[in-house]
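Participant: The structure is given below, and queries will be raised subsequently.
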Amino acid sequence: MRESKGRRSDGTESATRRSGGASRARRALPREPGPSLTRRGWTSLVTAICLVVAAGVVGLGWTGATTARPGRAVPQAASGLPVQQSAPAESTPAPDPSASAQPSSTSPEPKKSPKAEQSSTAPAAVKIPKHGSGKYTRATTTKIPKPKKRGQIIRYAVKVEKEVPVDANEAAEFMAATFADKRSWGGDGSLTFVFVPKGEVDVTAYISTPDTTDKHCLPSDTGGKVSCRNGAKVALNANRWTQGVPHFDGDLVSYKQYLVNHEFGHFIGHGHATCPGKGKLAPVMVQQTHGLFGCKKNPWPSPKR
């Protein structure tokens, strides 16, 4: 008669039952000779291996050896401290808000020179000689659009001393773009600055070495450091034109716009102003080359226009 084997929930084997329903004590199976295993022996061996593997997986789950998954609690040791875990190779750790941003491991960091990294917003160093010959190159650019003439017309020329490494045409184009801005002096329609490449003009801007600038500014003492307006001359110190000043935080464009509007502002009759209050925009006629005096930098006569 056939026998069937039952297994209790606690893992022990039950007594064998005959097909008629009567039960009796299980007989010990005779061991077959030789090294080979019977089908039942193979089944028992596979079962034992599965039990061992299952026990190992369960053990790993409780020791914290598996990697923590997103949204699941991090296993803790008996001391209450998080168990140190390894991040999976394809994951990216969450950024630390208090740390500086780091480039992704998949994106190579762009190469930067040490100087560029230390002063990324500072103007590039330009060597300006202290002395110059007093000889100039006049800007003759044809790239400046003709402005719509309104109000008083002021014709100007731009010249750069030969020893100064500044392109005269680029300087003239910068000045023209500054005057064309609605925040500049002509934005209200009262006057128009017109660039003239040759012939007579009302005022000339000179970008010069420190010593030559000082000569243009006499009898004022500019000390080889600052610029001035003297009669029909707007004398711009080449060091200021190429380097600006520290308190503009490397914003050379804004400083040059200020320099143009301030010195030409003197030519059209405006005197110096003072800072109206801490944290407010400095009027363009404040001597911002010397400092901001509690105000914020501002290159425009009418910054809100």
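The values are calculated or read from the model by the stated rules, or taken from the named source; none is laboratory data. What you see is a predicted model, and the numbers here were worked out from it, not measured in a lab. Virtual Cβ from ideal backbone geometry, glycine too; neighbours counted across all protein chains shown.
Participant: Which fully enclosed strands (runs of 3 or more DSSP E) of region 141-249 have 2 or more residues being touching a residue at least 12 places away in the same chain (Cβ under 8 Å) and touching a His at 6+ places or on another chain (Cβ under 7 Å)?
Facilitator: On the way: elements: 152-161, 191-195, 203-208, 228-230, 233-237.
Because the criterion is at least 2 residues that are touching a residue at least 12 places away in the same chain (Cβ under 8 Å) and touching a His at 6+ places or on another chain (Cβ under 7 Å), the strands (runs of 3 or more DSSP E) in region 141-249 that meet it are 203-208, 228-230, 233-237.
Participant: When you look at L252, is it farther than 23 Å from R155 by Cβ and either touching a residue at least 40 places away in the same chain (Cβ under 8 Å) or basic (K, R) (or both), yes or no?
Facilitator: Yes, satisfied.
Participant: Restricting to region 288-305, give me the number of residues that are at pLDDT 95 or above and touching a helix residue (DSSP H, G or I) at 6+ places or on another chain (Cβ under 8 Å).
Facilitator: 10
Participant: Looking at T178, T212, T192, which is the one that is of a type in the set (V, I, T) and in contact with an Asp or Glu (Cβ under 8 Å, 6 or more places away or on another chain)?
Facilitator: It is T212.
Participant: Please find, within region 236-250, the residue that is surrounded by the fewest Cβ atoms within 10 Å (Cβ to Cβ) out of those that are closer than 20 Å to S184 by Cβ and touching a strand residue (DSSP E or B) at 6+ places or on another chain (Cβ under 9 Å).
Facilitator: In this case the residue turns out to be W241.
Participant: Within region 280-288, is even one residue more than 22 Å from F193 (Cα to Cα), buried (at least 20 other Cβ atoms within 10 Å of the Cβ), touching a residue at least 40 places away in the same chain (Cβ under 8 Å) and not aromatic (F, W, Y)?
Facilitator: yes
Participant: Considering only residues that are of a type in the set (D, E) and over 33 Å from the mean Cα position of the chain (by Cα), look in region 134-191 and name the one that is surrounded by the most Cβ atoms within 10 Å (Cβ to Cβ).
Facilitator: Filtering region 134-191 for residues of a type in the set (D, E) gives 161, 163, 167, 170, 173, 181, 188.
So of that shortlist, the ones also over 33 Å from the mean Cα position of the chain (by Cα) come out as 161, 163, 188.
Values: E161: 22, E163: 17, D188: 13.
So the residue we want is E161.
Participant: Within region 215-235, restricting attention to residues that are in contact with a Lys or Arg (Cβ under 9 Å, 6 or more places away or on another chain) and not β-branched (V, I, T), which residue is farthest from K297 (Cα to Cα)?
Facilitator: For region 215-235, the residue satisfying everything is H216.
Participant: Give the residues of region 251-279 that are surrounded by 16 or more Cβ atoms within 10 Å (Cβ to Cβ) and within 26 Å of the chain's Cα centre (by Cα), sorted by residue number.
Facilitator: D251, L252, S254, Y255, K256, Q257, Y258
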